[in-house]
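Engineer: The structure is given below, and queries will be raised subsequently.
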Amino acid sequence: MSALSAPPFHADETGSAPSGKRFVDIAVALAAFAMLMAWWLGPSIGKWAFDYPRAWQIPAARHISGWMKWLVNEASFGLFSFTDLTRFIADLIDIPYTFALSLLSTGFLSGQGSAAVQIVPPISYLGVIVLVGLMGYYAGGTKLAALVVTCFGFLAAFGQWSSAMVTLSSILVAVPIGVILGLLLGLAGYRFPWIERAISPLLDLMQTIPIFAYLVPILFLFGFGPTAAIVGTIIYAMPPMVRITLLGLRAVPSEIRDLGQMVGCSRRQMTWKVMVPSAADALMVGVNQVIMLSLNMVIIASMIGAGGLGFDVLAALRRLDIGAGFEAGFAIVALAVALDRLSQAFARKAGVPSVIATSDHNLMQRHPYLTAGLAVIVFSLVASLISPAFATLPDSLTLSTGTFWNEVVKWININFFDALEAIRTTLLIHLLVPIKRFLAELPWLGVVAVLAIAGYRLGGLRLAVLAATLSFLIAATGQWEKAMVTVYLCGIAVIIACLIGIPIGILAAERERLWRWLQVVIDTLQTLPSFVYLMPAVMLFRVGDFTAMIAIVAYAVAPAIRYTALGIQRVDPKVVEAGRAMGCTPFQILTKIKLKLALPELMLGLNQTIMFALSMLVITALVGTRDLGQEVYIALTKADTGRGIVAGLAVAFIAIIADRLISAGAARLRERMA
């Protein structure tokens with residue numbers, strides 16, 4: 001009976017899937033054709049299909065602004081208002097920040113404003129350099145100590161010490177708070193799955209929504225100043241810590257969990273004495289990510305009063321002083337490299353069991369590095385009291401490359417202005433403007449339909465509903481026109497970045513020395529603050545879409561290179577050898593074996609390139625683009641919360657649609673490869 005019934009069922013199953021796929025392919029083709037016909041015929045077929053009617057729009061911006069005003073002016077918990085609560089949190093954060101700032105930059109003061117008098121000087125720059133050197137030696141040995149001493153020495157030698165210490169003070173406060181909150185949320189999500197399900201969409205939004213968008217409500221709730229900037233930094237940097245905590249706890253071997261239960265650990269002991277210590281090396285990776293994201297945030301946070309190196313870069317960009325901007329940007333890179341290497345070394349050290357000192361050792365012998373660190377702080381404070389020259393390196397001894405960079409840009413402008421202008425004009429007329437017009441004239445209804453069908457084809461009904469809903473919401477909230485400008489700029493920049501990055505990645509994948517050097521360049525590019533990319537582009541091409549595109553390409557090319565090289569390097573050598581044995585030429589091995597097998601990684605690289613491009617797109621609002629980034633930036637300058645959040649959500653929706661469609665495509669490719 002079973003032998004007779006099995007064949008018809010099998011035949012039906014294998015026959016229906018291809019026919020279903022064919023049906024979806026035909027639907028995609030028909031929808032695309034209908035959209036192109038609608039674009040060809042124009043608004044004559046129905047203006048509502050091209051411009052979402054204003055009467056149908058969802059007044060989300062107005063509702064959000066109204067709700068925010070109610071929250072600030074009227075919301076109360078009985079004994080205190082919501083504003084009192086936020087001001088209390090701000091005052092709490094201000095305590096450690098003021099202490100860190102006093103210790104590293106301003107010294108301990110008596111009085112306020114210009115009448116303040118310094119009672120105790122800050123730690124000497126020499127003391128800070130020796131301290132980080134000690135930390136480097138403890139965590140990674142002589143090489144790491146030399147590296148971090150060089151990085152901090154660079155800050156002092158190039159006159160960036162004061163600003164760098166202001167930035168470091170913000171990081172020293174934001175990172176512990178972000179790590180603790182992220183760890184607690186991750187623990188809660190690990191223990192209670194419903195919490196993980198609840199926070200996952202929030203984490204997605206926190207990582208995709210432009211930073212400018214949530215600076216506006218933070219400004220409303222916490223006021224202008226470094227405290228508000230620290231709050232914004234925590235919100236921006238915390239999501240990776242939550243995700244890595246969840247991953248790290250799940251990766252703890254079951255044998256360790258079983259052992260904890262066998263020895264009778266309570267739930268609290270199981271969490272803090274078994275699970276968290278076992279996941280320590282993964283958690284330190286999360287700490288590293290929080291540090292790096294906090295450094296990425298320093299320039300944007302300077303818009304709401306963070307000060308420090310970020311403010312220096314922003315001020316240099318506003319007065320078009322490329323030399324000063326580069327110096328402050330390189331200072332951020334030096335700080336980022338030092339903190340990155342230190343946190344990575346501590347992460348590696350956390351995974352190695354420490355040697356426990358015997359009980360007959362005294363306190364200084366058990367903690368020699370801590371003792372040495374405290375001694376350095378005391379001696380440096382005394383040295384600063386003896387002479388101000390020990391507190392900060394005198395200006396006469398500092399170096400500057402600002403004039404050199406300004407002269408380089410001036411020389412390029414004098415000798416290559418005509419060539420640069422010809423390139424800019426040609427690309428604007430023949431590439432950027434036609435694509436911008438084409439996308440702007442597409443009917444929103446057709447784009448929503450095509451995205452929904454593509455989502456169904458790649459990921460099923462759920463992805464189709466997600467893509468259709470998010471794209472419809474962009475139209476229904478009145479953001480469609482600016483969203484198309486965003487897609488146009490982002491799309492062109494991503495294509496150019498891939499055209500540059502993929503060949504470089506292919507070239508470097510099998511050349512170890514080249515790849516090693518390229519990794520250094522890519523790491524530096526990814527550490528540079530995004531604002532720094534704007535300055536040379538503005539200097540050479542002035543403001544506008546072309547300048548924005550150049551800056552986006554420069555910022556987004558790194559993942560295209562990295563993932564291409566990694567994808568090709570991971571191809572099984574046996575498969576390549578089999579290809580050679582069959583007589584394939586090098587070109588055939590590359591195109592028919594390596595690139596095909598590396599396709600999932602290439603898709604992941606494309607995904608990351610799009611995410612980088614979207615994050616940079618918001619920054620390029622400063623050079624006069626007319627997209628969603630500009631809308632968010634205008635909302636920030638006018639303190640219009642609703643307008644900023646709606647535009648920010650539209651950017652997040654574009655990012656989520658692109659991410660989910662590409663991820664689904666990559667998953668299908670992996671299945672096919674398997």
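The values are calculated or read from the model by the stated rules, or taken from the named source; none is laboratory data. Since we're looking at a predicted model, the values are computed, not measured. Glycine gets a Cβ as well: all are built from the backbone with ideal geometry, and neighbour counts include every protein chain shown. Surface accessibility is based on the protein's heavy atoms, side chains included, excluding ligands, DNA and RNA. Shrake-Rupley method; radii C 1.70, N 1.55, O 1.52, S 1.80 Å.
Engineer: Please find, within the stretch 556-577, the residue that is farthest from R513 (Cα to Cα) out of those that are open to solvent by less than 20 Å² (accessible area, probe 1.4 Å) and within 17 Å of the chain's Cα centre (by Cα).
Structural biologist: A556
Residue-wise test of (1) more than 24 Å from the chain's Cα centre (by Cα); (2) more than 30 Å from V333 (Cα to Cα); (3) of a type in the set (S, T, N, Q).
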site: G153; (1), (2), (3): yes, no, no
site: A157; (1), (2), (3): yes, no, no
site: M165; (1), (2), (3): no, no, no
site: V173; (1), (2), (3): no, no, no
site: L187; (1), (2), (3): no, yes, no
site: R197; (1), (2), (3): no, yes, no
site: P201; (1), (2), (3): no, yes, no
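Engineer: Check the stretch 419-442 and report whether any residue there is closer than 30 Å to I568 by Cα and touching a residue at least 12 places away in the same chain (Cβ under 8 Å).
Structural biologist: No, because not a single residue in the stretch 419-442 is closer than 30 Å to I568 by Cα and touching a residue at least 12 places away in the same chain (Cβ under 8 Å).
Engineer: Any residue at all in the stretch 58-73 that is touching a residue at least 24 places away in the same chain (Cβ under 8 Å), open to solvent by 90 Å² or more (accessible area, probe 1.4 Å), out of contact with any Phe, Trp or Tyr (no Cβ under 6 Å at 6 or more places or on another chain) and under 30 Å from T469 (Cα atoms)?
Structural biologist: Scanning the stretch 58-73 turns up at least one residue that is touching a residue at least 24 places away in the same chain (Cβ under 8 Å), open to solvent by 90 Å² or more (accessible area, probe 1.4 Å), out of contact with any Phe, Trp or Tyr (no Cβ under 6 Å at 6 or more places or on another chain) and under 30 Å from T469 (Cα atoms).
Engineer: Further, regarding this structure: Among I506, I522, which is the only one that is farther than 14 Å from T620 by Cβ, open to solvent by less than 20 Å² (accessible area, probe 1.4 Å) and either assigned to a helix (DSSP H, G or I) or not basic (K, R) (or both)?
Structural biologist: So the residue among I506, I522 that is farther than 14 Å from T620 by Cβ, open to solvent by less than 20 Å² (accessible area, probe 1.4 Å) and either assigned to a helix (DSSP H, G or I) or not basic (K, R) (or both) is I522.
Engineer: Regarding the stretch 617-630, can at least one residue be identified that is open to solvent by 20 Å² or more (accessible area, probe 1.4 Å) and modelled with pLDDT of 80 or more?
Structural biologist: Taking every residue of the stretch 617-630 in turn, at least one turns out to be open to solvent by 20 Å² or more (accessible area, probe 1.4 Å) and modelled with pLDDT of 80 or more.
Engineer: Further question on the same structure: Could you tell me whether G305 is surrounded by 21 or more Cβ atoms within 10 Å (Cβ to Cβ) and in contact (Cβ under 8 Å) with a residue 12 or more places away in the chain?
Structural biologist: no
Engineer: Only residues in the stretch 388-412 that are of a type in the set (V, I, T) count as the first member; pair them with residues that are at pLDDT 85 or above and surrounded by fewer than 14 Cβ atoms within 10 Å (Cβ to Cβ), Cβ under 7 angstrom, at least 6 apart or cross-chain, and list the lot.
Structural biologist: Hits for this filter: zero, empty list.
Engineer: May I ask you to list the residues in the stretch 561-575 that are within 15 Å of D523 (Cβ to Cβ) and either part of a loop (DSSP other than H, G, I, E, B) or not basic (K, R) (or both)?
Structural biologist: I561, Y563, A565, L566
Engineer: Out of all the residues in the stretch 363-387, which are free of Cβ contacts under 8 Å to residues at least 24 places away in the same chain, open to solvent by less than 90 Å² (accessible area, probe 1.4 Å) and not β-branched (V, I, T)?
Structural biologist: Answer for the stretch 363-387, where residues must be free of Cβ contacts under 8 Å to residues at least 24 places away in the same chain, open to solvent by less than 90 Å² (accessible area, probe 1.4 Å) and not β-branched (V, I, T): H367, P368, A375, S387.
Engineer: Within the stretch 525-560, which residues are assigned to a helix (DSSP H, G or I) and among the β-branched types (V, I, T)?
Structural biologist: T527, V532, V538, T547, I550, I552, V553, V557
Engineer: Kindly list, by first and then second residue, each pair from a residue in the stretch 568-591 that is in contact (Cβ under 8 Å) with a residue 60 or more places away in the chain to a residue that is open to solvent by less than 70 Å² (accessible area, probe 1.4 Å), limited to pairs with Cβ atoms under 6 Å and residues at least 6 apart or on different chains.
Structural biologist: Note: pairs meeting the criteria are I568/A509; I568/K594; I568/A598; Q569/A509.
Engineer: Name the residues in the stretch 412-446 that are in contact with a Phe, Trp or Tyr (Cβ under 9 Å, 6 or more places away or on another chain), open to solvent by less than 50 Å² (accessible area, probe 1.4 Å) and in a helix (DSSP H, G or I), would you?
Structural biologist: The answer is L420, E421, R424, L428, L432, L439, W444, G446.
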